[in-house]
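Just below is one structure, and these are the notes that go with it.
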Amino acid sequence: MSSFHLVGGEMHAEAVPLAAIAAAVGTPAYVYSAEALRRSAQRFRAALSGVPRKQLMFAVKANPSPAVLRVLADQNYGADIVSGGELDCALSAGISANHIVYSGVGKTAPELIAALDAGIGRFNLELEREGQLLSVLASQRGRRAPALLRVNPDVDASTHAKITTGRLDSKFGIPIDDALAMYDRLAALPGLDLHGLAVHIGSQITDLAPLETAYRKIGDLIRALRQKGHRVYHVDLGGGLGVSYRPGQPGADAEAYGDMVAEVTRDWDATLLFEPGRFIAAEAGILLTRVLWVKPGARHLFVVVDAAMNDLARPAMYDAWHEFAAVRPMGETFVANIVGPICETGDTFAREREIDRVQEGDLALFKTAGAYGASMASTYNCRAIAPEVLVDDNRYATVSERVPAHQVRKQRLASWMDDDAPSIRAA
Ligand code: LLP
């Protein structure tokens, strides 16, 4: 069941007509359903009911809207963050610091300090030097930083090459063959409380076999670490579960995933962490847009919409499919290319696709855009950042404003071009 559905021939988000939202905030705009967020959050938790000790951390990169994070915090989801900016988002949404895990291959010293000072629950270390730096920073503060070692298990997640992270040639984690020796060294550092492992092999994964292979390798490593006397009591199994973007192409079976995890980790005796992003948020959001023109072309029709690759980058970046639908479907279809206004051919949402017949001025939407939609927006072509609206039953609220490009970029002339600005010279 979707929270975006037709009522009386018109698309609604829960009980709110999308046309009302377009009238209030304009287009393009992201619209999120609180009900859909809660439903997927509950489904994921229920799927893991066979795992006795667990912490669920929403991957903030999928959707950093504080309003979205708050809905999920109310479902007892913490946050998986990858930057100081995401730390601010999570804290300002009211997620408690000890419910935050910090992943990422390029954390800076100021970011590590901010996370230490906030008292976050865990750091996932991606390389030895990072562990050494974190140990020094924590020791300077009279602390020991809680940390897990992220392992690269050398498993191909069989997903899009740009979002696969668990092969040895990827930049993420410690090659699994080096992990034992590195764990020895990092566990001995005075400023670290190293107490487990982390793994994440990619995103939009629908085949559970590679996940199972990776988790079994982690299980072997846990046993080897314990044999050497190491403490392993938290294991972060990452995110990665895929969703259905296209009719006929199902998403991951969360319940089968839960069963597999319960079985593989049965004798681990550890608290498991999970970092789902897409699975929680993707279906809970749409990108609302307006048809600018229906343009005849030499080969095919172009439906030119007011949303573009700067608003929703996934089709241009990963050739991703997002279903398109009219807000007031006429019951007819035609075949068209759906394109945005940006000045490159990559700004194409769909090629020769059979879609609802639309005409100039019609409202339409791209589905399954609640994850990696707004969070990947840019101001390319000096376009504004689209606003975001959260719907909950018959209520809706603007949870981020449309921001013109010049307010995002804060550009200015060089001082010497501007008579009023002080000019600085090198000696
Ligand atoms: N944990 C870590 C360490 C990650 O790197 C990621 C995603 C996640 C969790 C959440 O993965 P999810 O459950 O959402 O699959 N922009 C791309 C997706 C990039 C994913 C990056 N890492 C896209 O639009 O498909």
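When DSSP assigns beta bridges and you keep just the ones with both residues in segment 233-347, what percent turn out antiparallel, to the nearest 5?
Values: 5 of 12 bridges.
Of the beta bridges lying entirely in segment 233-347, close to 40 percent run antiparallel.
With bins 5 Å wide starting at 0, give me the P(r) of segment 297-427 over every alpha carbon pair, in whole percents.
Bin by bin from 0 Å, the calculated values are 2, 9, 16, 18, 16, 13, 8, 5, 4, 4, 3, 2, 1, 0, 0.
Determine, at each q value in 0.13, 0.26, 0.32 (inverse angstroms), the log₁₀ of I(q)/I(0) that the Debye formula gives when each Cα of segment 252-300 is one equal point scatterer.
Result of the Debye calculation: -0.58, -1.07, -1.22.
Keeping every protein chain present and rolling a 1.4 Å probe, give me the accessible area per residue for the chain in Å².
44 Å²
Using the Kirkwood radius over Cα pairs, work out the Stokes-Einstein diffusion coefficient for segment 210-308 at 37 °C and 0.692 mPa s, in µm²/s as a whole number.
189 µm²/s
Can you give the angle from 0 to 90° between the axis of helix 176-187 and the longest principal axis of the chain, with both taken from C-alpha atoms, to the nearest 10?
60 degrees
List, in order, the whole-Hz ³J(HN,Hα) value for each residue of segment 147-157 obtained from phi through the Karplus relation with A = 6.51, B = -1.76, C = 1.60 and θ = phi - 60°; use x for Gly and Pro.
Calculated HN-Hα couplings, in order: 9, 10, 9, 7, 9, 9, x, 6, 10, 7, 7 Hz.
Shape call for segment 1-145 from the C-alpha gyration tensor, a ≥ b ≥ c root eigenvalues: rounded (a/c under 1.5), prolate (a/b greater than b/c) or oblate?
Prolate.
Let me check against my output: what whole-number percent is the relative contact order of the chain, with C-alpha pairs under 8 Å and at least 6 apart? Walk me through the numbers on the way to the answer.
Details: 971 pairs, mean separation 81.1, N = 427.
RCO, the chain: 19 percent.
Based on the alpha-carbon set only, what is the convex hull volume of the chain divided per residue, in Å³?
Numbers: hull volume 77.6 nm³, N = 427.
About 182 Å³ per residue, rounded to a whole number.
Over segment 176-248, what is the relative contact order in percent, taking alpha-carbon pairs closer than 8 angstrom and at least six residues apart?
43 percent
What does the charge count around T368 come to, taking other residues whose C-beta lies under 10 Å from its C-beta (Lys +1, Arg +1, Asp -1, Glu -1)?
So the environment of T368 carries a net charge of +2.
Rounded, prolate or oblate: which one fits segment 192-235, using the alpha carbon gyration tensor with axes a ≥ b ≥ c (rounded when a/c is under 1.5, else prolate when a/b beats b/c, else oblate)?
oblate
With springs connecting C-alpha atoms under 10 Å apart, model the chain as a Gaussian network and identify which of V335, V243, V82 has the largest mean-square fluctuation.
Result: V335 has the largest fluctuation of those listed.
Would you compute, from DSSP H runs of 4+ residues alone, the mean residue ellipticity of the chain at 222 nm, taking -39500 (n - 2.57) per run and dividing by the full residue count, rounded to the nearest 500?
One gets -8000 deg cm²/dmol as the mean residue ellipticity at 222 nm.
For segment 29-105, calculate the relative contact order in percent as a whole number, restricting contacts to Cα pairs under 8 Å that are 6 or more residues apart.
29 percent
Could you tally up the Lys pairs in the chain with alpha carbons closer than 22 Å? Skip any pair fewer than 8 positions apart unless they're on separate chains.
Pairs that pass both the separation and distance tests number 11.
In the Gaussian network model of the chain, springs joining C-alpha atoms below 10 Å, which of A316, A307, A73 carries the largest mean-square fluctuation?
The residue with the greatest mean-square fluctuation here is A316.
Looking at the chain as a GNM with Cα springs under 10 Å, which of K295, K217, K54 has the largest mean-square fluctuation?
K295
Determine the shape class of segment 286-334: with a ≥ b ≥ c the square roots of the Cα gyration tensor eigenvalues, call it rounded for a/c under 1.5, and otherwise prolate if a/b is greater than b/c, oblate otherwise.
oblate
Under the Karplus relation 6.51 cos²θ - 1.76 cosθ + 1.60, θ = phi - 60°, what is the ordered set of whole-Hz ³J(HN,Hα) values for segment 330-339, x standing for Gly and Pro?
The phi angles translate into 8, x, 10, 10, 8, 9, 8, 9, 9, 10 Hz.
Give me, ordered by chain and number, the residues 5 or more places off L301 or on other chains with an amide H under 5 Å from its own placed amide H.
Under 5 Å from the amide H of L301 lie the amide H atoms of N337, each far enough along the sequence or on another chain.
Once both labels are modelled 7 Å past Cα along the beta-carbon direction, what's the A24-A427 spacing in nm?
Placing both labels 7 Å beyond Cα along the Cβ direction yields 6.1 nm.
Near N394, within a Cβ-to-Cβ distance under 12 Å, what is the net charge of the other residues, with Lys and Arg +1 and Asp and Glu -1?
Values: positive: R395; negative: E14, E35, D392, D393.
For residues surrounding N394, the net value is -3.
With axes computed from alpha carbons, what is the tilt in degrees of helix 254-264 against the longest principal axis of the chain, rounded to the nearest 10 within 0 to 90?
Helix 254-264 and the main axis of the chain meet at about 10 degrees.
Summing Lys, Arg as +1 and Asp, Glu as -1, what charge do residues with Cβ under 10 Å from the Cβ of S33 carry, S33 excluded?
With Lys, Arg at +1 and Asp, Glu at -1, the net is -3.
Rounded to the nearest percent, how much of the accessible area of the chain (1.4 Å probe, protein heavy atoms only) is carbon and sulfur?
51 percent
The values are calculated or read from the model by the stated rules, or taken from the named source; none is laboratory data. For clarity, every value in this text was computed on a predicted model and none was experimentally measured. Here the Cβ is made from the backbone with ideal geometry for all residues, glycine too, and neighbour counts use every protein chain on show. Heads up: the accessible areas ignore ligands, DNA and RNA and are worked out on the full protein's heavy atoms, side chains in. Shrake-Rupley method; radii C 1.70, N 1.55, O 1.52, S 1.80 Å.
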